[in-house]
Each structure stands twice: as structure tokens, then as C-alpha cells.
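Taking it in order: structure first as C-alpha cells, then the write-up.
The values are calculated or read from the model by the stated rules, or taken from the named source; none is laboratory data. All of these numbers come straight from a predicted model, not from anything done at the bench. With ideal geometry, Cβ positions are generated from the backbone for all residues, glycine too; neighbour counts draw on all protein chains shown. We work out accessible area using only protein heavy atoms, side chains counted, and drop any ligands, DNA or RNA first. Shrake-Rupley method; radii C 1.70, N 1.55, O 1.52, S 1.80 Å.
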Amino acid sequence: MAESMKGLKRSYRCAEVSEAHIGQTITVMGWVQKSRNKGGIIFVDLRDRSGILQLIFEENDCGAVYFAKAEKLRSEFVVAVTGTVEKRSGAANTQLKTGTIEVRAESLRILSESETPPFPIEAGSKTREELRLKYRYLDLRRPDLQENIMTRSKVAILTRRFLAEEGFLEIETPTLIKSTPEGARDYLVPSRVHPGSFYALPQSPQLFKQLLMCSGYDRYFQLARCYRDEDLRADRQPEFTQIDMELSFVEEEDVMDVNERLVQTLFREICGVEISLPLPRLTWKEAMDRFGSDKPDMRFGMELKDVSKVVKDCGFAVFKGALEAGGSVRGLCVEGQAGMPRKKIDALVAFAKDYGAKGLAYLAIQEDGSYKSSFAKFMTEEELAGLAEAMGGKAGDLLLFAADKDEVVYNVLGALRLEVARQLDLIPAGQWKFLWVTEFPLLEYSEEEGRYVAKHHPFTMPMDEDLPLLDTDPGAVRAKAYDIVLNGTELGGGSVRIHQADIQSKMLEVLGFTPERASEQFGFLLEAFKYGVPPHAGLAYGLDRVVMWMVGADSIRDVIAFPKVKDASCLMCEAPTPVEDAQLKELGIAVAGEPAEEEKES
């Protein structure tokens, strides 16, 4: 039967006890990690969020009653133990912070008993994730997961402290807002008092933080909960946290400066890593041309090479066709892999097709200088030699080529570069390669919608020199936008915002908004812009991604207390679930049934 604490107070957490406390009588509380009865003496490993402390029960010290209770202890029982700290009688445990001491128990209270857990509560659990997420409250007891969650808390505290010292104000923005469907899908919330109307959960605090700049608050930040109804990946969740900020009277350099120093502070304090400033920078165009990615992993080389001019007159129809269609031919040089088995090359071809390639051409430069290639019969020996030279290839190297529209070529070779590096173990461990990627395209053309859409959002400022192109060549306009990237992952992104009414109107016009639709969706912001708007800019980080990198986790699920799975459901509480008809009726909502088979077929 569980006992109460009856006024008992905890002296220390388990791992806070040290040799400095030897001889002291203390009280510790926590969960039984394991119990070992050696006949007349019981060893108990007590665990809390700080670590593990060994307890010893002997009948001569604690008495028959407490010793009998100690004999009942099982894994995950919650106990309070009072005893004396001693130097460990046996060999020290170098794996534990408390490995040189133990507590000789004098009394024991069993605060709560436990059934046998469905999996062991231990670091590095091999239990399948679905089971661990179903019992997430048990999974969260694992020391490695607790360390992740505590690190996340430290990052949040350090961020708040740093930004406060930089003159930022923490201001909360609403989480029930107007739906502005421009980007990912919104999560909608029905209104009971406004039948037929809906709130949206915010994808970001974007409009409100701009309004705060209009309101004169100068520097704002928030650890903001955000929601996006989109397909999940390892680094995405339907609800997530942003380190969100906005600054007035600034340009790109000012935002980059404060954020470089924030990142430097966080990684120094959390990871013990000293980041050199300023961070390197690449324009979006250079990043795509060199790495096929707008978030390049700079820890290794193997850069893309454009060989379009070299092969423009060759006899290989795949290359010529891509160039005639306005595309390009680019390649990767994989050093020392000319002898790669055909089976592995075929696997790389299949990989490339998954990223949109119609195929993948290869050229192996043999040690004797001869060539083995998928397209050798379509090119002369001189053309092959010229191609190898343009790629910087030497004897023993394997050259891989993609030919298509630039977008496809970048996508294919950018992914292939990472895949080959992983397979060949070319990515060095323990390196932190930060950079800024700047000058993103302002717009991208959506074939599905038949119009230009914003690359970031409709409030991003074009580069000053590109403003005339909004009328003549919108796709060529660059944005005052910037992403901060670490080891191939975008940690955060932002931009200078449009603060001039005429440029904002032109931007919305280029995006296909009629004045009526612009007013309907963004009227409150456009109205505010009539009353004096300071130049402003901002940035937001994915807090989950930042912490994931800091702790070396493979998924952001490992740094979020209660994450969702791939279909956006919670295995623990089984959300989402149907609700009672009475609740729907109160909201004026009816749930449509499955369409009949004949309707599906038609």
C-alpha cells in the first residue's frame, strides 16, 4: 500500500550527492532502477532526472520492518529513503557521477508501486518507437531522453536571457487567428459563438510581429507555438516551437549580427563549441550551382560542376535534349570510385530517379586512362577526355551526370551528393559548419496554380536593384531573405519586410491578388501600414531542429516531450478522435460520411 510523504522533505536529487556529503544523513526520492537482494543485504539503484544513486539496506541498520519493505521493491517503484552517505564499500562505478559513494538506508517509504513496465527504462532503448510513444510517460523517464528535454529547457532559458540583454521584449501573440491560406494548410478551429466561422492556428506569428513593429515595440521575441497541416518528416511536426523575433530600423546585416552572436552563445554554453564569427555566406545561386541545395552541407567537398558548354555539341541525345529544352548538364566527381560495382551504380540510378531524374549517366576513368561509360558510344575519345578534364576527374574517379531542367538537376545531384557521402563515410563527425544563404528568389512559379507564389511569404522585400523586374521578369527578382544553415539543415530563416505600401501592393498584384482579395486576407495589416511603418526585419528558428543538432538526435521526436507520429496522431492519448454529436451540433458542424462506391468511381 502506498504511503504519504508525511512532511518528509527531499535533501538532494540523486546525482547531487557527492563525497562532500559523506557522514551526513539525507533524504532522497525517486524511482527504483533495479534492486538486487544478496541475502541479508539489498542493493537498490535509485533514479531521478539527475542520475542514479546506490542505496544499501541491511537489517541491522534499518530494522526488520524497513528491510522487509525493501525486499518488496521492484523496478519503477517510487520511494523515499533516509540514510547516511558513505564511501562506497565495493569497487567504484566509474560510469556513474555518484560511483564513489552510497547511502546506507535507515528508513524507507514506498510512495507508489508499479506494474512491470512494457519495456526497460534505460538509455539507448532498442524498443520499437511505436511502443515507446504509446507509453511516452515511461519513455520520458529514460536518462538520455531526459537529458534531451533538459537541454531544450536550457536553450530556451539562454535564448530568453540573451535576447532580453539585447533589448528584446517577450510578447505573446494570439493562437486563434484569421486563416490566410497562402502556404501550408491551416489547422482550423470552429467558433461556437460565430456559427459557420473558423479560427486558424498560426503557422507563424508573422503578421502580428509586423504589427508589433508598427506599434513601436522595436525589438520583439517569442518562443511561439506554431501549427502546419502538412506531411511529416524526421525534422517536422504538425505543432512545433519557433524562436521568433522581429526588429525595427534594421537591415539584413543587423539581423545577421545579433543572430550570429545568439548562435555563438547557445553552442558555447550547451555544446562547448566555439563558433568563429562572422559566419560564411553564400548567395542562393552559388549554393545551388555548387551544391545543388539551398541548405548545403559544407563538411565535405564533392561540388557540382556545370559541363553544359563542354557537351553542347556532343552526340549524346540525352545531354543535347536537355540543353535544347533550356536545361543544363551537371556532374559530380566521386574520387577513387571508378571501380564501383555496376550493382551499386544501378542503385544510385534508382536513387536519382526517386528525386525526379529520368536516369543517371556515368563515366569511370580507369587507372590506365581508358573510359568505361554508359554513353561512351555517343561521344568521341576526345570529347570524353574533355568532359573528364572539365570535371576535374583523374584516373580512378567516377563521374556522375544529370541532364534536365535546372530545378531537377539541382534536386537530383544535391541529394545524390549527400547519399554518396553517407555511403562512402565522407562526412566528418564533430564538425559544425554554419553559413548564411542569402538572396533567395523572391518568387517561384507554381505549375499547379498557374501563377507565381512567394518563396518565403508575401511580405518579403525584393532586392532594391531588382524592383523594376517585378513588372518585366518576376522570376528573376531576388529577395532580401536569409537562412541560417548548419551541416545541411536549415535552422532558421527570415527576411527584410516590405514597409512601403506601393511595393506591398505591387507584390500582391504579382502574386495574383485582386485588391478585394488582398483586403479580405490581409486588410488589417494593409490598414496598419497607412499609419507610419518603420523599416523592419526578422527571423525565426525551429527550436526543435536546433536542439536536435545539439544533442545529436536523429529526429525531432527525441527532443519534444509529447510528439506526434507520421500521420500527425498521438499514440499515447490517441488524438485525433471523433467527438460527440452534441459537441458538433453546438458548433453547427456535420461530419460527412464516406462517399458511396458509385460516387468514388465517378
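Observations on the structure shown:
- Assuming charge only on the beta carbon of Lys and Arg (+1) and of Asp and Glu (-1), the dipole of the range 471-566 about its Cα centre is about 240 debye to the nearest 20.
- Shape call, the range 177-230: gyration tensor on alpha carbons, a/c limit 1.5: prolate
- Under 30 Å of direct C-alpha separation, and excluding same-chain neighbours fewer than eight residues apart, LYS87 reaches these lysines: LYS6, LYS9, LYS34, LYS38, LYS69, LYS72, LYS97.
- Between the listed residues LEU169, PHE208, SER191, the Cα displaced farthest toward the positive end of the dipole of the range 88-213, a dipole computed from Cβ unit charges relative to the Cα centre, is found at SER191.
- Rounded to the nearest 10 degrees, the inclination of helix 406-423 to the longest alpha-carbon principal axis of the chain is 40 degrees.
- Per-residue accessible area (protein heavy atoms, 1.4 Å probe) orders TYR137, TYR355 as TYR137, TYR355, starting from the largest.
- Based on protein heavy atoms only, the range 1-140 ends up with 52 Å² per residue of surface accessible to a 1.4 Å probe.
- Over the range 228-334, relative contact order from alpha-carbon pairs under 8 Å, at least 6 apart, %: 14
- Distant alpha-carbon pairs in the range 275-377 (separation over 23 angstrom), percent: 38
- Fraction of accessible area attributable to carbon and sulfur, the chain (%, probe 1.4 Å): 50
- Since only VAL409, CYS226, SER89 are under comparison, the one whose Cα sits farthest along the positive direction of the charge dipole of the chain, derived from C-beta charges on Lys, Arg, Asp and Glu, is SER89.
- For the range 169-267, the per residue solvent-accessible surface stands at 46 Å², with DNA, RNA and ligands left out and a 1.4 Å probe.
- Cα gyration tensor category, rounded, prolate or oblate, for the range 283-342 with a/c compared to 1.5: oblate
- The relative contact order of the chain comes to 13 percent, based on Cα pairs under 8 Å that sit 6 or more residues apart.
- Protection proxy ranking, highest mean first, for peptides 22-31, 79-88: 79-88, 22-31, where packing is the per-residue count of other beta-carbon atoms within 10 Å, averaged.
- C-alpha center-to-center spacing [the range 221-281, the range 370-404] in angstrom: 43
- The range 191-206 and the range 29-83 have Cα centres separated by 53 Å.
- Restricted to Cα atoms, the range 6-124 shows a radius of gyration and a Dmax of 13.2, 39 angstrom.
- With the charge dipole of the chain set up from +1 on Lys and Arg Cβ and -1 on Asp and Glu Cβ about the Cα centre, the Cα lying farthest toward the positive end among the listed residues SER276, GLY588, GLN146 is that of GLN146.
- Length-normalised contact order for the range 63-141 - Cα pairs under 8 Å, 6+ apart - percent: 31
- The listed peptides 534-544, 390-400, ordered by packing as a protection proxy, come out as 534-544, 390-400 (highest mean of other Cβ atoms within 10 Å first).
- A protection proxy built from the mean count of other Cβ atoms within 10 Å ranks the segments 418-430, 40-52, most packed first, as 40-52, 418-430.
- Cα-based radius of gyration of the chain once divided by 2.2 N^0.38 Å, which approximates compact folds: 1.21
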